[in-house]
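Worksheet: one structure, shown below.
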Amino acid sequence: MKDLPEDLFVEEQRQGVFFGLQVHRWLEKHPTAYQDLIVAETTLGRLLALDGKVMVTEADEAFYHEMLVHPPLMTHPAPKRVLVIGGGDGGTVREVLKHPTVQQVTWVEIDQQVLSACRKWLPRVSAACWQDPRVSLIVSPGEKWLRGLSELQDIIIVDGSDPVGPSQALFEQPFFANCSQVLSPNGILALQCGSPFYYKEEVQMVWNRLNRLFPFVRLYLGFVPTYPSGLWTYAMASTTDLQVAPAELRDRFRGRGLGQCRYYSPDIHIASQILPPFVEELLAAESAG
Ligand code: SAM
């Protein structure tokens, strides 16, 4: 077997399955109050990893952030107030701010050290989004801060990591219930739900929990090459229908002037909701959750 490079970042994506990135320079490697943080210069640009899992690489972060943000915001006719929970690298907030209808972004991130490390080493991801006058950045556990929120939100985006460690609370029923209470009448909750190939139970759990609370739930797919298997799922949930006519979607895309995205387009928006049979079966199967 080819000799492995000396400096390697390795993620065990699931038991017995490994993903590796050659490291040219370790930039930060230490625990924070909540998780183990790594920032490194790698073959795919700068990498942020938390608790040994790839969160962001410069090479493919736009694929992830565009698909977490634009489907819900384009589905809403005129999103004004947006709540982002997590997303310490700033990529999610950066994409939200591209929508001219957005007037207020409340960003709640648990870990100050993630914010600081990303500002320092991953400036291209955040594009200094915290400087935008529409953004209010709060350092707090999102689930705790949400309990005190009274102002209705048009969009809530949960950009947590996997449902373990500090993010676990962001995948639990009480949190989803609290989200449903602070959404405006046609508001939308959106979150990433993991790999439908390696983390079947996680996808089923989120699907079941959202369906208990919302009449309209949509799962959709995206491609994030540095995430486990590369095929990634996201969910949107609302009390109003999430279907948008293709012509309307294209009008909104033109009207909002999002410019040339790296992954999202109105056609991808539509195509992302067409699920392969193995994912449809996952959603049809009864499961604990
Ligand atoms: N895109 C990544 C993924 O899919 O795994 C997640 C991106 S982001 C780096 C995850 C962020 O959620 C981190 O900045 C982490 O500090 C933050 N986070 C974790 N638990 C949180 C919580 N309970 N409240 C707010 N932020 C949280």
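The values are calculated or read from the model by the stated rules, or taken from the named source; none is laboratory data. Source: prediction; values computed, not measured. When we count neighbours, we look across all protein chains shown, and the Cβ atoms used for this are built from the backbone with ideal geometry, even at glycine. Quick note on the areas: whole protein, heavy atoms, side chains included, nothing else; ligands and nucleic acids left out. Shrake-Rupley method; radii C 1.70, N 1.55, O 1.52, S 1.80 Å.
Computed on the chain, with alpha-carbon pairs under 8 angstrom and 6+ residues apart, the relative contact order is 16 percent.
Counted residue by residue at 0.36 nm each, then reduced by the alpha carbon distance between them, the extension gain from ARG119 to LEU44 reaches 25.2 nm.
Seen from GLN260, the other residues with C-beta closer than 12 Å to its C-beta sum to a net charge of +1, counting Lys and Arg as +1 and Asp and Glu as -1.
Pairs of Cα atoms nearer than 8 Å and 6+ residues apart set the relative contact order; for segment 8-57 it is 28 percent. Derived value for the chain: Kirkwood hydrodynamic radius 19.2 Å. Basis is the mean of 1/r over every pair of different alpha-carbon atoms. Over the C-alpha atoms of segment 18-93, the Rg to Rh ratio, Rh being the Kirkwood estimate, stands at 1.06. Cross-link partners of LYS80 among lysines, defined as those whose alpha carbon lies under 19 angstrom from its own and excluding same-chain residues fewer than eight positions apart: LYS98. Summing charges over neighbours of MET67, with a neighbour being any other residue whose Cβ is under 12 Å away from its Cβ, gives -4 when K and R count +1 and D and E count -1.
In vacuum, with every alpha carbon of segment 8-57 counted as one equal point scatterer, what does the Debye formula give for log10 I(q)/I(0) at q = 0.14, 0.15, 0.22 Å⁻¹? Two decimals, please. Per q value, in the given order, log10 I(q)/I(0) is -0.31, -0.36, -0.74.
Which percent, to the nearest 5, of DSSP beta bridges fully inside segment 61-288 are antiparallel?
Within segment 61-288, antiparallel bridges account for around 40 percent of the total.
The lysines whose alpha-carbon is closer than 29 Å to the alpha-carbon of LYS2, local same-chain residues fewer than 8 away aside, are LYS29, LYS53. For the pair SER150 and GLN181, the difference between a 0.36 nm per residue extended length and the Cα-Cα distance amounts to 10.3 nm.
Solvent exposure of the chain, expressed per residue, is 43 Å² of accessible area, with all protein chains present and a 1.4 angstrom probe. The label-point distance for LEU8 and HIS30, in a model that sets each label 7 Å from Cα toward Cβ, rounds to 2.8 nm. Remark: segment 153-159, residue by residue, has Karplus-estimated 3J(HN,Hα) of 10, 6, 9, 10, 10, 9, 10 Hz, where x stands for each Gly or Pro and the curve is 6.51 cos²θ - 1.76 cosθ + 1.60 at θ = phi - 60°. Share of carbon and sulfur in the accessible area of the chain stands at 54%, probe radius 1.4 Å.
Please give the calculated 222 nm ellipticity per residue for the chain, where each DSSP H segment of at least 4 residues contributes -39500 (n - 2.57) and the sum is spread over every residue; nearest 500 deg cm²/dmol? Could you put the intermediate results ahead of the total?
Working: 10 runs with 89 residues, N = 289.
Calculated mean residue ellipticity at 222 nm is -8500 deg cm²/dmol.
May I ask you to derive the FRET efficiency for TYR198 and GLN243 from their Cβ-Cβ distance with R0 = 25 Å, giving the value to the nearest 0.05? The value I calculate is 0.25.
Rounded to the nearest 10 degrees, the inclination of helix 246-256 to the longest alpha-carbon principal axis of the chain is 70 degrees.
Net charge of the neighbourhood of ALA128, taken over other residues with C-beta under 11 Å away and scored Lys/Arg +1, Asp/Glu -1, is +2.
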